[in-house]
Amino acid sequence: MCSRNLPRSPEYPRKSVDHPLAEATTAIFSVVNGVLLAPLPFAAPEEVVMVWENDRLTGTLREEASVPDFYDFKERNRSFRDLAAYLTRPMSFSRDDGEAQRLSVAAVSANLAPLLGIEPRLGRTISEDEDRPGGEPVALLTDAFWSRGFGRDPGVLGQTLDLDGEAYTVAGVLPPGLAFPDRDTDVWVALRQGPGSAPRSRHFITVIARLLPGTPVDAAQTVACANVANLLLVRGTARARELAVCVALGASTRQLVRRFLVESLLFTAAAAAIGVVLAFQGLRALLALAPEQIAALGEVSVDLTVLAWSPAITSAPPASRSSRAGC
């Protein structure tokens, strides 16, 4: 009886999109959760800030620093516990079999990992001596590149990587879940820049710092999330007249609840499959539009908990509301 009446209901077109809409919201929530709500893989991330320069002559805002400026910051610092620097660049990785591929490499100062509170999964981080101009070339592999390029072999420590024709010794493997500076980073190497390594006019390094305890930062973000279930509450309210007729004809609360549950299950079975496809395809589209600099996007995936609960959440409100209405 329920299935026979569905196509004639004026609510049918709206019902047919409720569940896909819930799954599409799952894709949006997955990005919001991965980027804004999920904790960053750093110790005390609320203390970590980016340091930019403003050029009063050209009016340029949020400009990267020069190497001499970075060392001046460190020397004259009064607000930060420490400052570190990095830059990103592509490098050619040559394998033993002669095959070459482009890697995304981050050249980082030796204190970057300690500043962020990062402990390597294997081996060690970059030393101060290795970070000096002319220092021994060493490399840290990201967990993703270690898995993709070396099959998670723990014997990778001590092996050499040919990057742009220079041999780098693998000193460690970074922890899983770390996508820094961005989600495509494959390898960390030492920055190897001293105060006189580059002219002050060249601004090409990014500076990151950790605030001293108690130092405030005036920044706030607000995330709003739409509750798809509210749409279905409106749908249940719109059927009040139909329910009143059912009650007048002698329908019990149990019969009405059973009817709504069966109806919701029919929609869930038909629409959930479409919704799941929308959730995964929608997430893929959102990630394609996102800038690479958002490091947390590397760990974003469809939130399976939300995906599993969304059909139940979107199905339950009409029945529960109808019961409370005395029908």
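A few comments on the model shown:
- Taking 0.36 nm per residue of separation and subtracting the current Cα-Cα distance, fully stretching the chain between Ala100 and Phe42 would add 17.6 nm.
- In terms of other Cβ atoms within 10 Å, Leu163, Leu212, Leu141, Leu178 run from fewest to most in the order Leu212, Leu163, Leu178, Leu141.
- Given +1 at the Cβ of Lys and Arg, -1 at the Cβ of Asp and Glu and no other charges, the dipole of the stretch 85-224 around its Cα centre is 400 debye to the nearest 20.
- Taking amide H as placed 1.01 Å from N in the peptide plane, the amide H of Arg124 sits under 5 Å from that of Gly172, Val173, each at least 5 places away or on another chain.
- Karplus-derived HN-Hα couplings along the stretch 45-60 (A = 6.51, B = -1.76, C = 1.60, θ = phi - 60°), whole Hz, x at Gly and Pro: x, 5, 8, 8, 9, 8, 10, 10, 10, 10, 8, 5, 6, 9, x, 6
- Phi angles across the stretch 120-128 convert, under the Karplus curve 6.51 cos²θ - 1.76 cosθ + 1.60 with θ = phi - 60°, into 3J(HN,Hα) values of x, 6, 10, x, 9, 9, 7, 8, 4 Hz, Gly and Pro given as x.
- Between Leu212 and Glu128, the contour length at 0.36 nm per residue exceeds the Cα-Cα span by 28.0 nm.
- Each of Trp146, Trp188 has some number of other Cβ atoms within 10 Å of its Cβ, and from fewest to most they run Trp146, Trp188.
- Using a simple spin-label model with pseudo-atoms 7 Å out from Cα toward Cβ, Arg202 and Gln159 lie 3.2 nm apart.
No value in this document is a laboratory result; all are computed from the given coordinates. The shown structure was predicted, so the numbers you read here are calculated from the model rather than taken from an experiment. Every residue, glycine as well, gets a Cβ built from its backbone with ideal geometry; the counts of neighbours run over all protein chains shown.
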